[in-house]
Amino acid sequence: MTDTPASLGTRRAPYTDLRQWLAHLDATGRVAVMREGVPLQHTLAAIAKRLDGQKAACFPRPGGHAIPVVSGFMARRAWIAEAIGVPESGLLAHFRDAADHPLPCNEVPGHAAPCQQIVHRDVDVLKALPVPTHSEHDSGPYITAGLVIARNPVTGVQNVSINRIQVHDRQRMAILMLPRHLLAFYQAAEARGQALDVAVVIGVDPLTLLASQAIAPIDTDELEIAGGLHGAPLDVVKCVTNEVRVPAQGEIVIEGRILPTERAAEGPFGEFPKYYSARESREVIQVDAITHRAAPLFHTIIPAEMEHLLLGSIPREATLLAHLQRSFPNVLDVHLAIGGVGRYHLHVKIRKTHQGQPKNVICAAFGAHYDIKQVIVVDDDVEVHDPLQVEWAVATRFQADRDLVVIAGAQGSVLDPSTTVGLDFSDGAPPAHLQGASAKMGLDATRPVAYHEYVFTKVRVPGEDDIDLNAEIDPAGRLDFS
Ligand code: MN
């Protein structure tokens, strides 16, 4: 008998492509299929938004287009845990384990890759693909669920990220690159006067989608983290027009190049904080080919809805938990509140051992990511993923004159509109280095380590967690209420 640690790949997730996961959701009553021909402009997003967190939305022949659109299949924390095959309480630990144990990809030939069953060169993106226009003031159709894959021009190691992409005309698209790995690769290529080859992959299995959002060092290939999550190497295939490797089981792949020196206007676009990003000059993707399955599915993420927020927040939570636990082994769990757009408000659960310790945890959390604007620290009798319990802790264990930490003028999120008050926009947007200055607020909502009798003892009824109602309720039971 051999004994292999779980982290070394004994567990294989059952869903290796998007359609298997959708079939599972469908078989369990979690898919809604719309009438044919729902308009791609606004109506599709409006319907998907109404179903957010309840059912995945599928749109046959959207706007008359042959390729169906799907959305909202990762819109609950429990569904994401289910796709991985772990209980919700084990989600962060499992994600972190995968990030710590990436598996090199397995390259397959093009004829064995479903994503290359059909190859189009000299293609018109808006004719080839059903690209929706989402929010009221969006400047046009946007690809919102494209995994942008590029190779480091120096080391050849790949990077994966999701970037919003506005389709401008037949073969040109504008892309927003925040100051992270993809932009670093592009700047290295542009400095040599070269384009950066990319692939935009639309429609991947749930775990590859989640892995794309891992907060990993540059030169960690997120597709290898996807392999870690699957418990088996991810099959990849070389693009038909460049050297980028893409998930072979993907639905649609746009191959192209981010051009040096070229820029185009992009935006406004409704983003994750539920506000619009302004129109600005962005880099340009020149499209060279589109490959796809014989009958592909097009995935769109509705901005600021649950699928968008959870895909960003769960990998961040895993990273923040690891960061805090390095300094504080008594940090037990963290949660990025959905009301804080899955980015700005962090709840931390600790087993408090010393008076004042929550304030140290608050300061460490501010340093862990500049997006974090508010931290609430609670005790281990509070469910940190339940906003009602966190508010109860603030209501009953927090005093503002004693337990509040405020730091003025720190670095915050440039997408938080409250950071723009007082900035001068009369000559256009101020320089990037002046944007996003933000105050930080920390709340110590923990009880004293030692207290008198039952002052801070949460009321519970003995047995309340263990009652089996099916055993207690008598289906034939009757009382006379007359
Ligand atoms: Mn990366």
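The values are calculated or read from the model by the stated rules, or taken from the named source; none is laboratory data. These numbers come from a predicted model, not from an experiment. Every residue, glycine as well, gets a Cβ built from its backbone with ideal geometry; the counts of neighbours run over all protein chains shown. Calculation scope for accessible area: heavy atoms of the full protein, side chains included, ligands and nucleic acids excluded. Shrake-Rupley method; radii C 1.70, N 1.55, O 1.52, S 1.80 Å.
See the values below:
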{"item": "Sole residue being in contact with a helix residue (DSSP H, G or I) (Cβ under 6 Å, 6 or more places away or on another chain) and either under 25 Å from residue 341 (Cβ atoms) or not acidic (Asp, Glu) (or both), chosen from 361, 382, 390, 394", "result": "382"}
{"item": "Total residues in the stretch 260-276, condition acidic (Asp, Glu) and open to solvent by 60 Å² or more (accessible area, probe 1.4 Å)", "result": "1"}
{"item": "Single match in 423, 415 (criterion: farther than 30 Å from residue 349 by Cβ and modelled with pLDDT under 95)", "result": "423"}
{"item": "Residue list for the stretch 214-243, restricted to those being within 16 Å of the ligand (Cβ to nearest atom) and surrounded by fewer than 22 Cβ atoms within 10 Å (Cβ to Cβ)", "result": "215, 216, 217, 218, 219, 220"}
{"item": "Neighbours by Cβ (under 7 Å, 6+ apart or cross-chain): first from the stretch 352-367, farther than 18 Å from residue 440 by Cβ; second open to solvent by 70 Å² or more (accessible area, probe 1.4 Å)", "result": "352/449; 353/449; 354/449; 355/449"}
{"item": "Selected residue (only one of 424, 401 is out of contact with any strand residue (DSSP E or B) (no Cβ under 9 Å at 6 or more places or on another chain), open to solvent by 90 Å² or more (accessible area, probe 1.4 Å) and within 16 Å of residue 359 (Cα to Cα))", "result": "401"}
{"item": "From the options 137, 111, residue that is assigned to a loop (DSSP other than H, G, I, E, B), of a type outside the set (A, V, I, L, M, F, W, C) and either open to solvent by 30 Å² or more (accessible area, probe 1.4 Å) or touching a Ser or Thr at 6+ places or on another chain (Cβ under 8 Å) (or both)", "result": "137"}
{"item": "Verdict on residue 279 being open to solvent by 40 Å² or more (accessible area, probe 1.4 Å) and at pLDDT below 95", "result": "yes"}
{"item": "Answer residue from the stretch 151-185, given it is hydrophobic (A, V, I, L, M, F, W, C) and within 10 Å of the ligand (Cβ to nearest atom) and is nearest to the chain's Cα centre (by Cα) among those", "result": "160"}
{"item": "Neighbours by Cβ (under 7 Å, 6+ apart or cross-chain): first from the stretch 451-465, under 18 Å from residue 355 (Cα atoms); second of a type outside the set (Gly, Ala, Ser) and assigned to a loop (DSSP other than H, G, I, E, B)", "result": "456/447; 456/448"}
{"item": "Test: residue in the stretch 159-171 that is farther than 29 Å from residue 59 by Cβ and free of Cβ contacts under 8 Å to residues at least 24 places away in the same chain", "result": "no"}
{"item": "Residue check for residue 369: closer than 23 Å to residue 274 by Cβ and not basic (Lys, Arg)", "result": "yes"}
{"item": "Search result, residues across the stretch 57-108 that are in a helix (DSSP H, G or I) and either touching a strand residue (DSSP E or B) at 6+ places or on another chain (Cβ under 7 Å) or among the basic types (Lys, Arg) (or both)", "result": "62, 77, 96"}
{"item": "Residues of the stretch 44-66 satisfying the condition of being within 19 Å of residue 303 (Cα to Cα), open to solvent by 20 Å² or more (accessible area, probe 1.4 Å) and not hydrophobic (A, V, I, L, M, F, W, C)", "result": "49, 50, 52, 54, 55"}
{"item": "Residues satisfying the stated conditions in the stretch 250-259, i.e. part of a strand (DSSP E or B) and either touching a Pro at 6+ places or on another chain (Cβ under 8 Å) or surrounded by fewer than 17 Cβ atoms within 10 Å (Cβ to Cβ) (or both)", "result": "252"}
{"item": "Residue in the stretch 192-202 that is among the acidic types (Asp, Glu), surrounded by fewer than 23 Cβ atoms within 10 Å (Cβ to Cβ), within 16 Å of the ligand (Cβ to nearest atom) and touching a residue at least 24 places away in the same chain (Cβ under 8 Å) present", "result": "no"}
{"item": "Tally, over the stretch 314-341, of residues that are among the small types (Gly, Ala, Ser) and without any contact (Cβ under 8 Å) to a residue 12 or more places away in the chain", "result": "0"}
{"item": "Filter pass, residue 118 being touching a Phe, Trp or Tyr at 6+ places or on another chain (Cβ under 6 Å), under 30 Å from residue 243 (Cβ atoms), of a type in the set (A, V, I, L, M, F, W, C) and touching a residue at least 12 places away in the same chain (Cβ under 8 Å)", "result": "no"}
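Matching residues to (1) part of a loop (DSSP other than H, G, I, E, B); (2) in contact with a Leu (Cβ under 6 Å, 6 or more places away or on another chain):
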{"position": "189", "(1), (2)": "no, yes"}
{"position": "193", "(1), (2)": "yes, no"}
{"position": "201", "(1), (2)": "no, yes"}
{"position": "208", "(1), (2)": "no, no"}
{"position": "214", "(1), (2)": "yes, no"}
{"position": "220", "(1), (2)": "yes, no"}
{"position": "225", "(1), (2)": "no, no"}
{"position": "229", "(1), (2)": "no, yes"}
{"position": "237", "(1), (2)": "no, no"}
